[in-house]
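I have placed the structure first, in the form of structure tokens, so that the comments after it can refer back to it.
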Amino acid sequence: MVTNITSFGRSGLSDFIVQRVSAIVIAVYTLCVAGFFLVNPGMTHEALLGYFSSLPMKMFSTLALLSTAAHAWIGMWTVGTDYIRGHYFGAHATVYRMFYQFGCMFVLFVYVLWGLLIFWGI
Amino acid sequence: MAGRLAFDYHALRVFPGCCTCRDVLFPAMVREMKADRPVYLSLLQFEWPMAALASIAHRVTGVMLFVGIALLFYLLDLGLGSEESFAEAVALLDEPLPKLIIWGVLGALIFHLVAGVKHLLLDFHVGSSLEGSRIASGLSVAISAVLIGMAGVWLW
């Protein structure tokens, strides 16, 4: 149960299921891309472009990108709330943790924009 | 009974072999005591069973990927850009230090993936007993070590 606005959490149950579903999406995507690299030892620009530029692959890449952002957010949130706390960081721990969490959000926002530009710009 | 304990942090204290990062650093006992009570926990004096090492390594590799994914994006961006930028990416991969860093990121990805599969199996109570968690943790470390080695061979 979320009782504090600075906890930046919504629901542990929701986080639990999002973490697992996104993990499966990322795992399958990683295996597909790794498999593509493994069966193409002498990679060329043309082959790489061909693999990533089909519409289904663009959609799959976007899904994996958004899953990565959600997965990383929950993971980094967990790390932050475990370590950036009063016991280690003193009275201002909540302030430090909020800055850390805003920083994580910003980085993930940049990754999502960058990824969309890469995947849909080709 | 052991099969039901995968997410019961209080019950996990009964099974020190299947502890998580959170339990090692902040046992439920300590977390629930008054905040102003002096706490002394020395990580160097803890016993670190295989399950605990695999758990903290899963967390560390996750944070590594949060940073390292930027490098993978950069390489993909170069590789997909044009013939010239593709050649730039290939040239970057030929330099020793970038190659080593990329191996590190790929290694983190491999371990995080393998240990993540172990976590998903744990959701279905596979490997959640004390002995099971020892075997599963040892296996996840061994499998990822082999895969990381193979990734190194593939890169060089």
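The values are calculated or read from the model by the stated rules, or taken from the named source; none is laboratory data. None of the values given here were measured: they were computed from a predicted structure. A quick note on method: Cβ atoms are made from the backbone with ideal geometry, for glycine too, and the neighbour counts reach across all protein chains shown. The protein model used for the area step is the full one, side chains on, heavy atoms only, and it has no ligands, DNA or RNA in it. Shrake-Rupley method; radii C 1.70, N 1.55, O 1.52, S 1.80 Å.
One line per residue, one yes/no per condition, for (1) of a type in the set (Ser, Thr, Tyr); (2) touching a helix residue (DSSP H, G or I) at 6+ places or on another chain (Cβ under 9 Å); (3) open to solvent by 40 Å² or more (accessible area, probe 1.4 Å):
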site	(1), (2), (3)
B:LEU76	no, yes, no
B:SER85	yes, yes, no
B:GLU95	no, no, yes
B:PRO98	no, yes, no
B:ALA115	no, yes, no
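Of everything in the stretch A:99-122 that is assigned to a helix (DSSP H, G or I), facing chain B (nearest Cβ under 10 Å) and surrounded by fewer than 15 Cβ atoms within 10 Å (Cβ to Cβ), the residue that is nearest to the chain's Cα centre (by Cα) is A:VAL110.
Filtered by the rule that a residue be open to solvent by less than 40 Å² (accessible area, probe 1.4 Å) and either of a type in the set (A, V, I, L, M) or without any contact (Cβ under 8 Å) to a residue 40 or more places away in the chain (or both), the stretch A:12-34 gives A:SER14, A:ALA23, A:VAL25, A:ILE26, A:ALA27, A:TYR29, A:THR30, A:VAL33.
A single member of B:ILE56, B:ILE102, B:ILE69 is facing another protein chain (nearest Cβ under 9 Å) and either open to solvent by 40 Å² or more (accessible area, probe 1.4 Å) or touching a residue at least 24 places away in the same chain (Cβ under 8 Å) (or both), and it is B:ILE69. Taking the condition buried (at least 18 other Cβ atoms within 10 Å of the Cβ), out of contact with any His (no Cβ under 8 Å at 6 or more places or on another chain), aromatic (Phe, Trp, Tyr) and within 9 Å of chain B (Cβ to nearest Cβ), does A:PHE37 pass? Taking the combined requirement at face value, the residue does not satisfy it.
Annotation: of all residues in the stretch B:72-92 being at the interface with another protein chain (Cβ under 10 Å from one of its Cβ atoms) and among the small types (Gly, Ala, Ser), the one that is farthest from B:HIS112 (Cα to Cα) is B:SER82.
Take A:TYR96 and tell me if it is part of a helix (DSSP H, G or I), under 26 Å from A:LEU31 (Cα atoms), touching a helix residue (DSSP H, G or I) at 6+ places or on another chain (Cβ under 7 Å) and without any contact (Cβ under 8 Å) to a residue 24 or more places away in the chain. Judged against the criteria, A:TYR96 is not a match.
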